[in-house]
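Undergrad: Have a look at this one before I ask anything.
The values are calculated or read from the model by the stated rules, or taken from the named source; none is laboratory data. Here the structure is a predicted model, which is why all the values come from computation and not from measurement. Positions of Cβ are generated from backbone atoms using ideal geometry, with glycine treated the same way; all protein chains shown enter the neighbour counts. Accessible surface is based on the protein model in full, side chains and every heavy atom, while ligands, DNA and RNA are left aside. Shrake-Rupley method; radii C 1.70, N 1.55, O 1.52, S 1.80 Å.
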Amino acid sequence: MEPLDSVPDPLAWHDLAEIAEVSMRRARRIDVWRDGSTAYVDAMFQDSATRPTGSRIAVHEYGLRASADLETGRLASVTPEAHVLPYAECPLAVLNVDRLIGTPMADLRSAVLDELSGTAGCTHLNDALRALADVPYLSSQLA
């Protein structure tokens, strides 16, 4: 696994301290840009753990691409990208995310829990989807 902070973009990640002892790390990234009244999102979510050798291994990882109509405040599209998944049920969760299309972004924290509960979702994918509720605010901060 390539380290998250290996990307040459200095704005991509803050400094990540090395952790010597056995540990878990959760990393998230949400990149937002605008084109007119549409916000576009490229996001990722990763849980990783230390190996006995001291290196890290991803144990759960999703990527997400999405768009939102900023005039209506609604989710226009969402495409999950399953990367590292620990359970056989996890890949099936991506088949249900279209249920969220048209949902007001401000309602995503509760809508994800309602629409993708139990075996219809995946805890980690749901967490990444709920974070999209921040997109309207993030896009409002762009010049």
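Undergrad: Identify all residues within the stretch 38-56 that are over 11 Å from the mean Cα position of the chain (by Cα), polar (S, T, N, Q), at pLDDT below 95 and within 30 Å of residue 141 (Cβ to Cβ); write none if there are none. Talk me through it step by step, then tell me what you get.
TA: Step one: list which residues in the stretch 38-56 are over 11 Å from the mean Cα position of the chain (by Cα), which gives 38-40, 47-56.
When the remaining residues are screened for being polar (S, T, N, Q), the result is 38, 48, 50, 53, 55.
Imposing the further condition that a residue be at pLDDT below 95 reduces the set to 48, 50, 53, 55.
Within the stretch 38-56, 48 is the sole residue that qualifies.
Undergrad: Do the conditions hold for residue 60, that is, is it under 30 Å from residue 21 (Cβ atoms), in contact with a His (Cβ under 6 Å, 6 or more places away or on another chain) and open to solvent by less than 20 Å² (accessible area, probe 1.4 Å)?
TA: Details: under 30 Å from residue 21 (Cβ atoms): yes; in contact with a His (Cβ under 6 Å, 6 or more places away or on another chain): yes; open to solvent by less than 20 Å² (accessible area, probe 1.4 Å): yes.
Yes, satisfied.
Undergrad: Looking at the stretch 69-77, can you tell me whether even one residue there is among the β-branched types (Val, Ile, Thr), more than 17 Å from residue 47 (Cα to Cα) and assigned to a loop (DSSP other than H, G, I, E, B)? Write out each step before concluding.
TA: Residues of the stretch 69-77 that are among the β-branched types (Val, Ile, Thr), as a first pass: 72.
Subset that is more than 17 Å from residue 47 (Cα to Cα): 72.
Retained after the next criterion (residues that are assigned to a loop (DSSP other than H, G, I, E, B)): 72.
Within the stretch 69-77 (the criterion being among the β-branched types (Val, Ile, Thr), more than 17 Å from residue 47 (Cα to Cα) and assigned to a loop (DSSP other than H, G, I, E, B)), the answer is yes, since at least one residue qualifies.
Undergrad: Quick check on this structure: which one of 108, 100, 116, 92 is open to solvent by 70 Å² or more (accessible area, probe 1.4 Å) and out of contact with any Pro (no Cβ under 9 Å at 6 or more places or on another chain)?
TA: On the way: 108 fails: open to solvent by 70 Å² or more (accessible area, probe 1.4 Å); 100 fails: open to solvent by 70 Å² or more (accessible area, probe 1.4 Å); 116 fails: open to solvent by 70 Å² or more (accessible area, probe 1.4 Å).
When all the criteria are applied, what remains is 92.
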